[in-house]
Amino acid sequence: MASLFTDIPLKRNGGGAATAEDLKGKMVALYFSAHWCPPCREFTPKLKKFYEEAVNAGLEIVFISWDNTAKDQEAYLNKAHGNWLYIPHGDAGIEKLNKKYNMRGVPWLVLLNNDGSKAINDVVDDVEDLTVKDALKKWADKVV
């Protein structure tokens, strides 16, 4: 996992820098989203609530913005997002991850294996339909 983010800057929503080492030993999901997207604006508060409980069980989320500007990303982070990690708007790492995971649309929440490959292609429905405990158990059984 660390090699996936070695050349991509990570920041913590709410302040502070982060590194790939902060992901070590965590279950990691990439959240592709944008404020201009109505389904994203509907899903993000649900994900925030889910994350507030799941973070203590070892889940980490990395937000990958599809917002049009850095200002739009910052406003969306401040208004709706959890205290998870994000890649600053405009960083080349966003395009790298879009290509690596064959990104097609938002919202998209992809769960990663420890080597950075996809474990589960999209877990949006799990966040909406399962309890945190049940979702984490399901995901733990899939992550290698």
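Key figures for this structure:
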item	result
Among the candidates L47, L23, L77, residue that is modelled with pLDDT under 95 and under 14 Å from the mean Cα position of the chain (by Cα)	L23
Condition met for K133 (over 25 Å from A17 (Cβ atoms), surrounded by 12 or more Cβ atoms within 10 Å (Cβ to Cβ) and either more than 15 Å from the chain's Cα centre (by Cα) or at pLDDT below 95 (or both))	no
Pair list, Cβ under 7 Å, 6 or more apart: region 1-27 residue over 20 Å from L111 (Cβ atoms), other residue of a type in the set (F, W, Y)	K11/Y86
Test result for V123, at pLDDT below 95, out of contact with any helix residue (DSSP H, G or I) (no Cβ under 6 Å at 6 or more places or on another chain) and of a type in the set (A, V, I, L, M)	no
Selected residue (only one of G116, G82 is at pLDDT below 95 and under 22 Å from A17 (Cβ atoms))	G116
Test result for A135, in contact (Cβ under 8 Å) with a residue 24 or more places away in the chain, under 21 Å from A57 (Cα atoms), in a helix (DSSP H, G or I) and not basic (K, R)	yes
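Residue-wise test of (1) assigned to a loop (DSSP other than H, G, I, E, B); (2) of a type in the set (S, T, N, Q); (3) surrounded by 14 or more Cβ atoms within 10 Å (Cβ to Cβ).
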| site | (1), (2), (3) |
| --- | --- |
| D67 | yes, no, yes |
| D72 | no, no, yes |
| L77 | no, no, yes |
| G82 | yes, no, yes |
| H89 | yes, no, yes |
| I94 | no, no, yes |
| N98 | no, yes, yes |
| N102 | yes, yes, no |
| G105 | yes, no, no |
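The values are calculated or read from the model by the stated rules, or taken from the named source; none is laboratory data. Since the model is a prediction, treat every value here as computed from it, not as a measurement. Note that we place each Cβ from the backbone using ideal geometry, even for glycine, and neighbour counts take in every protein chain shown.
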